[in-house]
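The values are calculated or read from the model by the stated rules, or taken from the named source; none is laboratory data. Note that the coordinates shown come from a computational prediction; the quantities given were computed from them, not determined experimentally. Note that we place each Cβ from the backbone using ideal geometry, even for glycine, and neighbour counts take in every protein chain shown.
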């Protein structure tokens, strides 16, 4: 091999090296850019998931607040009605007011079904079913005057007091709140 061929070979190798280095640099740059885009996409997805979780938690909290408020209002009316029946007073509770409270609690439970956990919904369902039974039994007592019915109402009213605490604590647990004791 003479000097001109060697020079040509060195020149070709230099050109190939220059072209290859540009191609490799371009490839490396694209790889870095792709990794950066994938990282940004993962961050965006994580942010979206966190935002959806916050939104769902907010909706769950609103549904639980409404369920707790309406169920307790219904329970309060039933307790007042029970006291009036047990004491024999004529301070009648408006049946329409009881029906409105019952319907409001039912509607709030329906909304909570969209967001609540199975455990909280089961506890709330048991509590509300007890309240509905109290309502039916008091209407039966008003019609019949049977003291056995009033005794059944008394038992259910007492049970409802612990059921409301159990429901509230389950809701707090779903929302990640510490139990604040019984109020």
* Structure fact -> Residues of segment 151-168 being in contact with a helix residue (DSSP H, G or I) (Cβ under 6 Å, 6 or more places away or on another chain) and farther than 18 Å from residue 71 by Cβ, in sequence order, are 152
* For segment 124-149, which residues satisfy the criterion of being within 37 Å of the chain's Cα centre (by Cα) and outside any helix (DSSP H, G or I)? -> none
* To do: Would you mind finding the one in 153, 164, 157 that is within 30 Å of residue 53 (Cα to Cα) and either surrounded by 19 or more Cβ atoms within 10 Å (Cβ to Cβ) or in contact with a strand residue (DSSP E or B) (Cβ under 6 Å, 6 or more places away or on another chain) (or both)?
  => 164
* Has segment 40-49 got any residue that is free of Cβ contacts under 8 Å to residues at least 40 places away in the same chain, closer than 30 Å to residue 108 by Cβ, out of contact with any strand residue (DSSP E or B) (no Cβ under 7 Å at 6 or more places or on another chain) and assigned to a helix (DSSP H, G or I)? -> yes
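Given the criterion loosely packed, with under 10 Cβ neighbours inside 10 Å and free of Cβ contacts under 8 Å to residues at least 12 places away in the same chain, identify the matching residue among 100, 87.
Testing whether each residue is loosely packed, with under 10 Cβ neighbours inside 10 Å and free of Cβ contacts under 8 Å to residues at least 12 places away in the same chain leaves just 87.
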* Residues located in segment 125-150, provided they are in contact with a helix residue (DSSP H, G or I) (Cβ under 8 Å, 6 or more places away or on another chain) and loosely packed, with under 13 Cβ neighbours inside 10 Å -> 146
* Looking only at segment 63-75, decide whether some residue is out of contact with any helix residue (DSSP H, G or I) (no Cβ under 7 Å at 6 or more places or on another chain), at pLDDT below 90, surrounded by 10 or more Cβ atoms within 10 Å (Cβ to Cβ) and closer than 30 Å to residue 162 by Cα. => no
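Taking residue 58, is it without any contact (Cβ under 8 Å) to a residue 12 or more places away in the chain, farther than 21 Å from residue 125 by Cα and in a helix (DSSP H, G or I)? Even if it seems obvious, please write down each step before you answer.
Numbers: without any contact (Cβ under 8 Å) to a residue 12 or more places away in the chain: yes; farther than 21 Å from residue 125 by Cα: yes; in a helix (DSSP H, G or I): yes.
Answer is yes for this residue.
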